[in-house]
């Protein structure tokens, strides 16, 4: 007696379709959060340009930064369409000095609008590290935006390099994080902001995890917050 042949291709297709919907529902808020951050930075730049009668050399630089931010927004939307963040961002040997300086150029106009003093290391030079520079860029920019939204008047970025890891510190003199909230700040949808989404830090934690990196929060002795990104160095 011949046994019936069971064709489960339709079931597999349906399962794949459902997984796609599930992934999209998880990814969509994170992408929208990144778009929101980019638009905030772009708006700050354009506000500065509106106050200028003629575009100076610096004005043209700001305009170029605005255009670059729009391009990054398109990248985020492409990530959404391709669901690329359901898999680790592409890691490759890269110079994070370049990525961090790009973040500084984008964040500086935001500081000018908000009256924030930004302290950044001069002549930043880092070794080649195998990591996604885009993931690092997203994480550090989120840290900076959070610092600016905490009521800070001063934001500091510094790096710490050892034989084992690179630590990128983003410090501020803002309101800090209350002790009862410190175990929740990386949880999805948790927020203490009136108009917050509760997605920024959870998205950063996800990006760090898939890069085999780690995010650590510490209080500053002077008051405020310190968010650290720990990135393991390549092993010989």
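Is there a residue being surrounded by fewer than 11 Cβ atoms within 10 Å (Cβ to Cβ) and modelled with pLDDT of 70 or more anywhere in region 71-91?
no
Please tell me if residue 129 is modelled with pLDDT of 90 or more and under 15 Å from the mean Cα position of the chain (by Cα).
Answer is no for this residue.
Test each condition in (1) in contact with a strand residue (DSSP E or B) (Cβ under 9 Å, 6 or more places away or on another chain); (2) modelled with pLDDT under 85; (3) under 19 Å from residue 110 (Cα atoms) for residue 186 and report the one that comes out false.
Going through the list (1) in contact with a strand residue (DSSP E or B) (Cβ under 9 Å, 6 or more places away or on another chain); (2) modelled with pLDDT under 85; (3) under 19 Å from residue 110 (Cα atoms), residue 186 breaks only (3).
For a quick check of your reading: which strands (runs of 3 or more DSSP E) sit entirely within region 95-180 and have at least 1 residues that are in contact (Cβ under 8 Å) with a residue 60 or more places away in the chain and within 20 Å of residue 225 (Cβ to Cβ)?
165-172
The values are calculated or read from the model by the stated rules, or taken from the named source; none is laboratory data. Since we're looking at a predicted model, the values are computed, not measured. FYI the Cβ positions are ideal-geometry reconstructions off the backbone, even for glycines, and counts take in every protein chain you see.
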